Structures are given as C-alpha cells and as structure tokens.
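Asker: Pasting in a structure now, in structure tokens, and then I'll have a few things to ask.
The values are calculated or read from the model by the stated rules, or taken from the named source; none is laboratory data. Note that the coordinates shown come from a computational prediction; the quantities given were computed from them, not determined experimentally. Using ideal geometry, Cβ is built from the backbone for each residue, glycine included, and neighbour counts are taken over all protein chains shown.
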Amino acid sequence: MRALALLAALLPLAAWAQVVEQTNLRYDEDWSLLSEAPHEGWRQAKYIPLIQDGSTYLTLGGEARVRFEGFDDNLWGDPPAADDGYLWLRVMPHADLHAGPARVFVQGIAGYARGVGAGKGPVDETGIDLLQGFADVRVPFGSDGGLTVRGGRALVALGSERLVGIRYGPNIPQAFDGVRAIVDCGPVRIDAFHLRPIAVGSGDFDDRTSKTRLLDGVYATVAPSKDIGIDAYWLGSENDQARFAGRTGRETRDTFGLRFFGKRGSLGWNWEAMLQRGHFGGDRIRAWSMATETAWSIADAPFKPRLRFRANIASGDRNPSDGRLGTFNALFPKGKYFGELSPIGPRNIVNLHPSVDFDFGKGVTIELVAARFWRESRGDGIYDIPGQLIRRAGDSRAMHIGDQIEISAGWQASDLLSFTASLSAFRPGSYIRDTGTARTIRMIGAEAMLKL
C-alpha cells in the first residue's frame, strides 16, 4: 500500500513535458540549461535556483513502475514454483542539489513484490530504503577537462553492463557503496573505483554494505571519433563466500577487457572480449568470454526495421578436480540479460541471438527475437544470471540447452508514460532433457512506467 500511495502522489505530474533526455542513471541528467531560459510550472521542479546567480540549484524527480510476470513451467518445471505469477511495485523519487562544483544526489526506493511463489529474493523486494546517496565535487582543468571525486552509495553502469550493471529490469536495482574518481579530458575518460555491493534486505531501511564482496577497477574509454569508442578495463573482485558447482570458497578474480563499439551509417556494432585470472579456494581461475552485437538499420524501409545479430560465448569448467576453475563469472551483470525471459546467465554458454525490431510510429515498437543456447563445456552445468547453479553437468554429453523465442511490444504514450508487454517461450534441448524435468517455459510480462 505504501508503494501505491507514492505512485498516486506522482501521477498528477504525468502531464509534464520532457525537455532533457532521461536515463536510468538519473544523476546523469543535466537540467542546468533551464538557467538560461524562463521556466514556469513543472520546470520549476526541475530547476529550482537557491541563490540569485543560479549557481546553486535543486532538481526534483522520480519514477514509478508496476510490472507483472507470469510463468508456466519455470526452470523447465523444476520446483518449488514452476507455475508462478507475481506483481512488482517500485517507486524511486530523487533530489539532486548542485552548488557550484559540488553536488549531492539522493534517491530513495520503495520496492515490493506480491505473489512470488518461490520466495522473495533481493531482486524482488526491499521495502523503503535508500537506493542512492552520494556527494561529489568536480575540479576542472584545461579547456575541457575535469576530475570528479565521488563518495557514497550509487548505481554503477560500466560499458554495456555485461559485468557491472544497475540491474534495472528486475524490481530492485544493484547499488554500491564506495568511492570513485573520474577524469575526463576531451575524448578520454578514466573511471577508477573502490566499491562494495549493497546486500538488499526485505524490510524497511535494512540494506547494508556487503562485508564479503569487494570490487575495484579502472575503466578507460577513448573516443577517436564522434561515433566510435574503445573501452579498456581491469576489474578486481573478491568474494569470501563464492560458490561454483556446489563448492564454497574464497574467490579473488581479475578481469581484463577490451570493447570496441560504434556506428557508421546504417551499421552499428558492440564487440567485447574478457579474460579472467585469479584463485578460487585452491584452484587457479582460467576463464574468458566474448560477446558481440552487430546491427543494421534500414531507415528508408516501411517501419524502419533494424536487424541485429548477437553472438556470445562464456567459458565453463572442464574438470572440477583438475585444480583449474574455468567457469566465467559475470560479476554484477544487467538484469534480463538475454531478453525478458532469461532463465540462464552468461556462464558456460554459447549463444546465437538474431532479432528484428520495427518502429510503427507514434511511439509504438515491436521486436521479434529468436535465440539458441549450448553449453561451452560438457564438464560444467548451467547457471542463472546471479550465478547460482541451476542444472549440474551430470552424465549428459549433450551440449544443446534449448531455444527461446520472444515477441515484445512497447508504447511510449507520452514523454513520461510508457507501456511494454512480452510473450516468451523456451523449449528445452537435449541437455535439459538428460538432466531432469524438461517442459517448455512460457512467460508473459507487462509493465507500466512513469518517469518524471
């Protein structure tokens, strides 16, 4: 009821027009442009000058989402809740205070789940809590450069969010406590950080900094031209309670990555390679992954189709007793990794993923997706997105996990209000049939989003 009350409080603002592109990282929005033009009505909430010269101002906003997901034979019919349907409710108001080079950003969350048959987890419910709360200061240098130092609790999205994402699709995003130093100078941006993830509790004001997990890193981006970028990064992660194939131990893992992305005419691409080294218990880590997405847009054709082809591979373990762990660890990836229905995550997997989307105008879009999944290694099982083992390797020599089809539709009803719906099915392959129940997963999803 508390989430519904907050939603009702935000609904009268739905008639507001939008003048700044909104992002899922609300602290990236810049409403200071309103200082140079008269602003009335709703704009007063987006730019509230606190002193006469406008160098100190406040921005207010928020978003509210209602989402339903219904499953038949989830996880191919495995217990405890193969047939499940639940409602996610989420409200996230925020305030952004700028005072010259300094800034304080606060975002709260009220997140609830109703009807989760398998038991609520950290992605489902958090009650009322602090999602983000940080302060930063920017020190300019040169003609177009600066250093931003930030401390506190924040959402973090790196690159394509294949390794560190905000988990926006599920109900409760993933935040981190820690410090960041961000240097930007022309086409170069370097982000260095020391972070601990937030362990989400189901009650009010009980989210806590994890005492068992740590993430350090340096993430650099170079943009040699307007439409082309290159990322190079190192991520150092520690987990005192890591689990792989039923084993628990301390994990220290270094991830080295290179990403090449851009757009040239109708062609777009986003290709990434990752190498992992480290230790898990007494084992050496030898893991890797490659992920590609290539798109071709046909702007002159009816409904402006865009063809996309994604291919992904992530290593699995060869032999649990050889002293080498080959299972790739996706760390803190985005939610809904392979689509609205994503029963498996990017570990021990080979995936081919063609799709096409259409723009029907007036804010209406439709996407058609097909995907096929195999195991990368026969010696390892398959995992969900958070990294939990959901099917052991067993004695099966089969590689084919299954095939997924999906249709999703979206309607941007206004600058602030949007609706989406999806239908998905995942037909099991020979590996799933060899290792347990093997029914086709069916899912329906629907959501309404108000973003102010």
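Asker: Has the range 269-292 got any residue that is in a loop (DSSP other than H, G, I, E, B) and crowded, with 19+ Cβ neighbours inside 10 Å? I'd like the intermediate steps shown before the answer.
Answerer: Initial filter on the range 269-292 (in a loop (DSSP other than H, G, I, E, B)): 281-282.
When the remaining residues are screened for being crowded, with 19+ Cβ neighbours inside 10 Å, the result is none.
Checked against the condition, which is being in a loop (DSSP other than H, G, I, E, B) and crowded, with 19+ Cβ neighbours inside 10 Å, the range 269-292 yields no hits at all.
Asker: Name, by its number, the condition in (1) under 27 Å from residue 218 (Cα atoms); (2) aromatic (Phe, Trp, Tyr); (3) loosely packed, with under 15 Cβ neighbours inside 10 Å that does not hold for residue 261.
Answerer: Unmet condition: (3).
Asker: Identify all residues within the range 291-303 that are at negative phi, of a type outside the set (D, E, K, R) and touching a Phe, Trp or Tyr at 6+ places or on another chain (Cβ under 8 Å); write none if there are none.
Answerer: Residues satisfying the conditions are 291, 292, 294, 295.
Asker: Let me ask something additional. Restricting the search to the range 316-330, which residues are in a loop (DSSP other than H, G, I, E, B) and crowded, with 22+ Cβ neighbours inside 10 Å?
Answerer: Passing the criteria: 316, 317, 326, 327, 328, 329, 330.
Asker: Counting just the residues of the range 385-437 that are of a type in the set (Asp, Glu) and at pLDDT below 95, which one comes out nearest to residue 363 (Cα to Cα)?
Answerer: 415
Asker: Further question: Name every residue in the range 343-368 that is within 17 Å of residue 428 (Cα to Cα) and either among the aliphatic types (A, V, I, L, M) or in contact with a Gly (Cβ under 8 Å, 6 or more places away or on another chain) (or both), in order of residue number.
Answerer: Of all residues in the range 343-368, those within 17 Å of residue 428 (Cα to Cα) come to 343-345, 348-353.
Scanning the range 343-368 gives 344, 345, 348, 349, 350, 352.
Asker: Looking only at residues that are of a type in the set (Val, Ile, Thr) and touching a Pro at 6+ places or on another chain (Cβ under 7 Å) in the range 100-138, which one is surrounded by the fewest Cβ atoms within 10 Å (Cβ to Cβ)?
Answerer: This residue is 137.
Asker: A follow-up question, please. How many residues does the range 322-361 hold that are touching a Leu at 6+ places or on another chain (Cβ under 8 Å) and among the small types (Gly, Ala, Ser)?
Answerer: Count: 2.
Asker: So which residues in the range 31-67 are at pLDDT 90 or above and buried (at least 16 other Cβ atoms within 10 Å of the Cβ), if there are any at all?
Answerer: 57, 58, 59, 60, 61, 62, 63, 64, 65, 66, 67
Asker: To continue, here is another question. Exactly one of (1) of a type outside the set (D, E, K, R); (2) farther than 23 Å from residue 168 by Cα; (3) in a loop (DSSP other than H, G, I, E, B) is unmet by residue 337. Its number?
Answerer: With (1) of a type outside the set (D, E, K, R); (2) farther than 23 Å from residue 168 by Cα; (3) in a loop (DSSP other than H, G, I, E, B) applied to residue 337, the lone miss is (2).
Asker: Starting from residues that are among the polar types (S, T, N, Q) and either buried (at least 16 other Cβ atoms within 10 Å of the Cβ) or in contact with a Ser or Thr (Cβ under 7 Å, 6 or more places away or on another chain) (or both), keep the ones in the range 233-258 and report whichever is modelled with the lowest pLDDT.
Answerer: Per the stated criteria, the residue is 241.
Asker: Output the number of the condition that residue 352 fails; it satisfies all remaining conditions of (1) under 24 Å from residue 164 (Cβ atoms); (2) out of contact with any helix residue (DSSP H, G or I) (no Cβ under 9 Å at 6 or more places or on another chain).
Answerer: (1)
Asker: Go through (1) of a type outside the set (D, E, K, R); (2) on the phi > 0 side of the Ramachandran plot; (3) touching a strand residue (DSSP E or B) at 6+ places or on another chain (Cβ under 8 Å) and name the single condition residue 119 misses.
Answerer: Result: residue 119 passes all but (3).
Asker: Just the residues that are assigned to a loop (DSSP other than H, G, I, E, B) and under 22 Å from residue 53 (Cβ atoms), please, taken from the range 96-122.
Answerer: Across the range 96-122, the qualifying residues are 100, 101.
Asker: Using beta carbons and a limit of 8 Å, which pairs, at least six apart or on different chains, have the first residue in the range 166-191 and more than 27 Å from residue 130 (Cα to Cα) and at pLDDT 95 or above and the second one assigned to a strand (DSSP E or B) and aromatic (Phe, Trp, Tyr)?
Answerer: Once the first residue is more than 27 Å from residue 130 (Cα to Cα) and at pLDDT 95 or above and sits in the range 166-191, its partners that are assigned to a strand (DSSP E or B) and aromatic (Phe, Trp, Tyr) give 190/219.
Asker: Taking the options 141, 71, 134, name whichever one is more than 21 Å from residue 172 (Cα to Cα) and either touching a strand residue (DSSP E or B) at 6+ places or on another chain (Cβ under 9 Å) or β-branched (Val, Ile, Thr) (or both). Break it down into steps so the answer makes sense when it comes.
Answerer: Values: 71 fails: more than 21 Å from residue 172 (Cα to Cα); 134 fails: more than 21 Å from residue 172 (Cα to Cα).
Criteria check complete, one pass: 141.
Asker: While we're here: One residue is enough: does the range 138-158 have a residue meeting the conditions among the β-branched types (Val, Ile, Thr) and either closer than 29 Å to residue 280 by Cβ or touching a helix residue (DSSP H, G or I) at 6+ places or on another chain (Cβ under 8 Å) (or both)?
Answerer: Yes: one or more hits.
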